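The values are calculated or read from the model by the stated rules, or taken from the named source; none is laboratory data. Keep in mind that this is a model prediction, so the values were computed, not measured. Please note: Cβ atoms are built from the backbone with ideal geometry, for glycine as well, and neighbour counts cover all protein chains shown. For the accessible areas, the whole protein counts, side chains as well, though only heavy atoms, and no ligand, DNA or RNA atoms are used. Shrake-Rupley method; radii C 1.70, N 1.55, O 1.52, S 1.80 Å.
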Amino acid sequence: ATHRDDPTLTLIAAVSGLAMGGGFELALGCDMIIASTKCFFALPEPKIGMAAATGGVQMLTRAIGPKRAMAPIMTGRNITAEEGYRLGFVTEVAEPEKLLEVAMGYAREIAANAPLANAANKQTIYECWDQPDHATMMKQETYSRALPALLSEDAKEGIAAFLEKRKPNWQGK
């Protein structure tokens, strides 16, 4: 089981230096990657005669697609934070002194939302992102993930708080 099996957890990687091999794989295993402008990512295993065998190839390919993943995987070259953002596996690039502030900002924004809604959204993201077509993506199982959140006490609280122009008091119910 992984954090992807627990939709109540959102893992944010704040990467400040070198994320090579296993370090890159750890970052790819997170839901979001905030990277310092001084950061480099790589799967350098082919440079020493090895294959990346602990999930990096699969996770990078799923994150950015096979054509984009081919060059960094086959060459083992370093990828800057800016390139990682352009490729699509980095969520945001931050100056080194702002890295933790940016990552914590995302954490605070996520924590301020209704936990059941966040859980349903996370499950839906991981279930539907690679579906072959819209009809398959919108299958009944996807709706069944959102329904408990839509019918929750938190949903009623969120609407009331919006109408009353106040912060909601989430209960996770």
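Quickly rank 54-60, 103-109, 82-88 as a protection proxy: mean count of other C-beta atoms within 10 Å, highest first.
54-60, 82-88, 103-109
Subtract the Cα-Cα distance of residue 11 and residue 68 from 0.36 nm times their separation in residues, and report this length gain in nm to one decimal.
Once the chain is fully extended between residue 11 and residue 68, it gains 18.1 nm.
Need one value: the accessible area of residue 156 in square angstrom, 1.4 angstrom probe, rounded to the nearest 10.
Solvent-accessible area, nearest 10 Å²: 120 Å².
Taking a virtual spin label 7 Å from the Cα of residue 77 along the C-beta vector, which residues in the stretch 25-50 bring their backbone nitrogen under 20 Å of it?
Residues passing the 20 Å test: 25, 37-50.
Multiplying the sequence separation of residue 18 and residue 127 by 0.36 nm and subtracting their Cα-Cα distance, what value in nm do you get?
Additional length available on full extension: 36.2 nm.
Spelling out what I want: for every residue of the stretch 19-31, take phi, set θ = phi - 60°, compute 6.51 cos²θ - 1.76 cosθ + 1.60 (Karplus), and round to whole Hz; glycine and proline get x.
Taking θ as phi minus 60°, the curve returns 10, 10, x, x, x, 5, 4, 4, 5, 4, x, 8, 6 Hz for the stretch 19-31.
Just the number please: accessible area per residue for the stretch 1-77, 1.4 Å probe, all protein chains included, in Å².
Spelled out: the 1.4 Å probe surface of the stretch 1-77, per residue, equals 53 Å².
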